[in-house]
Each structure stands twice: as structure tokens, then as C-alpha cells.
Amino acid sequence: MFDGIKEAVVADRPAYFKAFLDDFYNVDVLGGTRISEQAWQNSFITAVQASPHAAFACVDTWLTDFREDVPKIDVPTLLVHGDADRILPYASTAARLPALIKDLTVVTVEGGPHNVAWTHPDVVNPALMDFLGK
């Protein structure tokens, strides 16, 4: 899978970023309601301005396995994760963390994509303020 991502970055970096950002925001579902064309374009412009080499090289860092480190977290932790995340699917990531982190508060954002902070501030901001107030 990761080799395919790197091949896509090399073949047509802007096309890769378009596809990535469409999934990052679940544009087919949330476009025009929770993510405007202008906000999406802003993300796209930022992405394509990044170093072509960095866009390619960063993919290898995604293979880093943190499973042994996660149980060592010993501070209160907030996890806000969309249940419709196409980048890091909920079942494969967020759903596994309560068994690994002792003092974990989980806020599941119904219908939320990867970037719930942008698309669902009505859920994320109160959760963050509540967590920080404890």
C-alpha cells in the first residue's frame, strides 16, 4: 500500500493530494456543508506548496509502529476521532486505544472524517474545552 502511495506522489503529486484531501474531508459527503470549496482549496494549495521530496519521503514515516509506546502514556489523554475517517479508520485505530491507554477520554464524532477539527468544530471544541477544564 505504501509503495503505491509513493508511486502516486511521484507520478502526479497534485492528483495524489486531491484524492488524499477528498478522503481527508470526506468531500463526497461533507462538501458544501461542513467543508467549503474554498477551505478545501486552501488545504490543497498548502499541500502542493510542500517540498516534493518531503511529500515522497514522509510516507516511510507512516510505517513507524508505536504500539509498544502507547501503553506508557501516563497522563490524561483526549482522543477525538471521526467514525467515518478514511485515512485512519476508526475500527483499526481509535477503537483499539481504550485498551491501551489508562486515563483516556474518547469522543467519537459521528460521521466525522479525518479532519474533524475543521468539519465538526461544534463537537471538537466543546470536548476540548471540557477536557481542559478537568
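The values are calculated or read from the model by the stated rules, or taken from the named source; none is laboratory data. Keep in mind it's a predicted model, so treat the numbers as computed, not measured. Backbone-built Cβ (ideal geometry, glycine too); neighbour counts: all protein chains shown.
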Discussion item. Criterion first (of a type in the set (A, V, I, L, M) and either in contact with a helix residue (DSSP H, G or I) (Cβ under 8 Å, 6 or more places away or on another chain) or surrounded by 12 or more Cβ atoms within 10 Å (Cβ to Cβ) (or both)) does Val75 satisfy it?
Written reply: no
Discussion item. Checking the condition more than 26 Å from Val124 (Cβ to Cβ) and hydrophobic (A, V, I, L, M, F, W, C), which residue from Ala99, Ala19, Ala54, Ala47 passes?
Written reply: Ala54
Response to the item:
The condition of being under 16 Å from the mean Cα position of the chain (by Cα) and surrounded by fewer than 13 Cβ atoms within 10 Å (Cβ to Cβ) holds, among Ala15, Ala91, Ala84, only for Ala91
Worksheet item: Within segment 102-128, restricting attention to residues that are farther than 25 Å from Ser43 by Cβ and modelled with pLDDT of 95 or more, which residue is nearest to the chain's Cα centre (by Cα)?
Response: Val106
Worksheet item: Given the conditions (1) surrounded by fewer than 11 Cβ atoms within 10 Å (Cβ to Cβ); (2) more than 15 Å from the chain's Cα centre (by Cα), and given that Val70 satisfies all but one, which numbered condition is not satisfied?
Response: (1)
